[in-house]
1. Hey, can you tell me all the residues within the range 60-78 that are touching a residue at least 60 places away in the same chain (Cβ under 8 Å) and either open to solvent by 50 Å² or more (accessible area, probe 1.4 Å) or within 16 Å of the ligand (Cβ to nearest atom) (or both)?
2. For the range 96-120, which residues satisfy the criterion of being among the aliphatic types (A, V, I, L, M) and in contact with a Leu (Cβ under 8 Å, 6 or more places away or on another chain)?
3. Of the residues that make up the range 147-159, is at least one open to solvent by less than 50 Å² (accessible area, probe 1.4 Å), small (Gly, Ala, Ser), within 16 Å of the ligand (Cβ to nearest atom) and modelled with pLDDT of 95 or more?
4. Determine the pairs where a residue that is over 26 Å from Ile216 (Cα atoms) and in the same structural domain as Ile346 (by TED's automatic domain parsing), located within the range 308-332, has a partner that is surrounded by fewer than 14 Cβ atoms within 10 Å (Cβ to Cβ) and aromatic (Phe, Trp, Tyr) with Cβ atoms under 9 Å apart, the partner being 6 or more residues away or on another chain.
5. Out of the residues in the range 79-103 meeting the condition of being of a type outside the set (A, V, I, L, M) and within 16 Å of the ligand (Cβ to nearest atom), tell me which one is surrounded by the most Cβ atoms within 10 Å (Cβ to Cβ).
6. Take residues that are away from the ligand (no atom under 14 Å from the Cβ) and touching a strand residue (DSSP E or B) at 6+ places or on another chain (Cβ under 9 Å) and tell me which of the strands (runs of 3 or more DSSP E) falling wholly in the range 168-229 contain 3 or more.
7. Can you name the residue in the range 123-146 that is polar (S, T, N, Q) and open to solvent by 10 Å² or more (accessible area, probe 1.4 Å) and is also nearest to the ligand (Cβ to nearest atom) among such residues?
8. If you take the residues of the range 169-226 that are of a type in the set (S, T, N, Q) and crowded, with 24+ Cβ neighbours inside 10 Å, which of them is nearest to the chain's Cα centre (by Cα)?
Amino acid sequence: MNPTPLLEKARQLRADFPILSQAHPSGRPLIYFDNAATAQKPRVVIERLSAFLATQNANIHRGVHWLSQEATHLYEKARETVQHFLGAASPEEIIFVRGATEGINLIAQGLRRAYFQPGDEIILSTLEHHANIVPWQLVAEELPLRLKPLPLTSAGAVDVSALPDFLSPRTRLIAITHTSNGLGTRTPIEEIVAFAKAHDIPVLLDACQSIVHEAIDVQKLPVDFLVFSGHKLYGPTGVGVVYMRHPWGRKLPPYQGGGDMIVRVTWEKTRYAPPPAKFEAGTPAIAEAIVLATAIHYITDTVGYDFIQAYEAYLTDLAEALLRDVPGLTLYGTARPRGPIWSFNIEGIHPHDLGTFLDSWGIAVRVGHHCNQPLMDALGVPATARLSLAFYNLPEELQTLQEALLAAVEFFHKPLPSLRHE
Ligand code: PMP
C-alpha cells in the first residue's frame with residue numbers, strides 16, 4: 001500500500017484541529033494519544049457551538065416565539081442526523097442523553113421496571129467498561145440478577161465460543177462492548193447478534209469506542225439498544241445517544257420525570273409522551289446535541305469512514321511494530337480486528353511513572369485502570385499505559401513515542417548512584 005495519499009489527507013485534516021498546533025509547556029509539540037478518553041474538536045464543531053450560542057440559543061419545544069422554534073427545529077434535525085447516521089428506522093428511536101453512562105443507566109432502570117424478573121441473567125464480557133457493569137450491578141442488587149462475563153481469548157478478544165455455555169433459560173440480555181476501551185480488541189459482534197437473535201435475546205451494544213473508527217448500521221447489525229458519547233466522536237461533552245429499537249421505547253417506562261416528557265399531568269395520574277420525549281425529561285443539552293450533528297457530518301462527509309479505516313490500519317501496523325521494538329514492553333491484547341488502542345507495560349516501570357515521563361516529552365497517554373478494573377484483574381496487573389489514536393495522529397508522532405519509550409527504559413533502568421561516600 002502506498003500511504004502517501006492517506007498521509008496527505010491526514011495532514012490536511014489535522015489542520016482542522018486548533019488544539020493540536022499548541023506547544024506543550026515543555027516547549028515540545030503536543031502529541032495527543034488519549035483519544036479513547038476524549039477526542040479533540042475540529043474548528044467546525046467549535047465554531048458551530050459558538051454560533052448557536054451567539055445567535056440561535058433558546059429553550060426548545062415550549063416556545064411559540066421565533067428563537068425557540070428555530071432551536072427546536074435544529075435540535076430535531078440533529079436527531080434526524082443521528083437517525084440516518086445509525087440507519088435507524090425513525091427519529092423516535094433516537095434519544096439524546098448526557099453520555100453513554102447515562103444511556104446505559106436509562107436502559108438498565110427501564111428494563112428493571114418493565115422486563116427483568118428476579119433470577120434473570122445478563123451476559124456481558126470481561127472487557128466491559130465500568131459504565132456497562134455498575135448500572136447492571138445496581139439493578140442486580142435489587143432484584144437480584146446474575147451477571148455472567150464472557151472470558152477472553154489469549155489474544156484479548158471476547159471468546160464467543162463460550163457463549164453456548166453461558167446461555168441458560170434465564171438469559172434475558174447480552175450487554176457488550178463493540179471495541180474495548182482498554183485493549184482495542186473488537187468483539188465479534190456479528191456472531192453474537194446472530195446467536196442472540198436465534199435465542200430471542202435482546203442485545204445492547206456499547207459503541208463508544210467503535211463508532212469512532214467504523215460505520216455502524218443498525219439494520220445490518222440489528223441490536224436492540226446502542227449507546228455512544230458525543231465527546232469521543234469529535235463532538236462536545238454533555239451529550240450522548242441511546243438508540244432504542246422500536247417497540248422498546250414504547251415498553252420501557254421513563255428514566256426521569258419532569259418537563260417535556262408528558263402529555264398531561266394531574267395530581268391523580270400523569271400520562272407520558274411517546275418516545276423519544278418520554279426519555280428526555282427537562283431541558284436537554286440543546287447546543288451540544290445540535291453540535292454533535294455537526295461533528296457527525298464532519299466525520300461522514302469531510303473525513304469519511306473509508307479514510308478512517310484505511311489510515312488507521314496503516315497507523316496500527318506502524319504502532320505495533322514500533323512498540324514491539326521497545327525492550328521489556330508487554331502488549332496486552334493483540335487480536336485483530338481491532339481499533340487503534342493498545343494497553344502496555346514496560347518491565348520495571350510503573351505505568352504512572354511512565355505516563356509522567358512521557359508527559360515531559362509532550363506526549364499525552366492515559367495510565368491507570370481505564371475504568372476496566374475487572375479486565376485489569378483478568379490480566380493480573382493493577383494498571384497499564386494506554387495509547388489511543390485518531391485519524392489526525394501522524395507517523396512521526398509514533399516515532400517520537402518510541403524514542404521516548406526507549407529513553408524511559410534507559411532512565412528507569414539506570415543504576416542509582418551510590419549514596420555511600422567511600
Ligand atoms: N463505554 C466505553 C467502552 C467507554 O470507553 C466509555 C468512556 N471511557 C464509556 C462507556 C463511558 O462513556 P462516558 O464517560 O462518556 O459516559
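1. His61, Arg62, Lys77, listed by residue number.
2. Taking the range 96-120 first, the residues among the aliphatic types (A, V, I, L, M) are 97, 100, 104, 106-108, 111, 114.
Val97, Ile104, Ile107, Ala108, Leu111, Ala114 - these are the residues of the range 96-120 that are among the aliphatic types (A, V, I, L, M) and in contact with a Leu (Cβ under 8 Å, 6 or more places away or on another chain).
3. So far as the range 147-159 goes, yes, one or more of its residues are open to solvent by less than 50 Å² (accessible area, probe 1.4 Å), small (Gly, Ala, Ser), within 16 Å of the ligand (Cβ to nearest atom) and modelled with pLDDT of 95 or more.
4. Between residues of the range 308-332 that are over 26 Å from Ile216 (Cα atoms) and in the same structural domain as Ile346 (by TED's automatic domain parsing) and residues that are surrounded by fewer than 14 Cβ atoms within 10 Å (Cβ to Cβ) and aromatic (Phe, Trp, Tyr), there is no close pair.
5. Among those residues, the one meeting the criterion is Gly103.
6. By residue number, 171-177.
7. The residue in question is Thr126.
8. Across the range 169-226, the extreme among qualifying residues is Gln209.
The values are calculated or read from the model by the stated rules, or taken from the named source; none is laboratory data. Predicted, not measured: the structure shown is a model, and the values here were computed from it. Every residue, glycine among them, receives a Cβ derived from its backbone with ideal geometry; neighbour counts consider all protein chains shown. Calculation scope for accessible area: heavy atoms of the full protein, side chains included, ligands and nucleic acids excluded. Shrake-Rupley method; radii C 1.70, N 1.55, O 1.52, S 1.80 Å.
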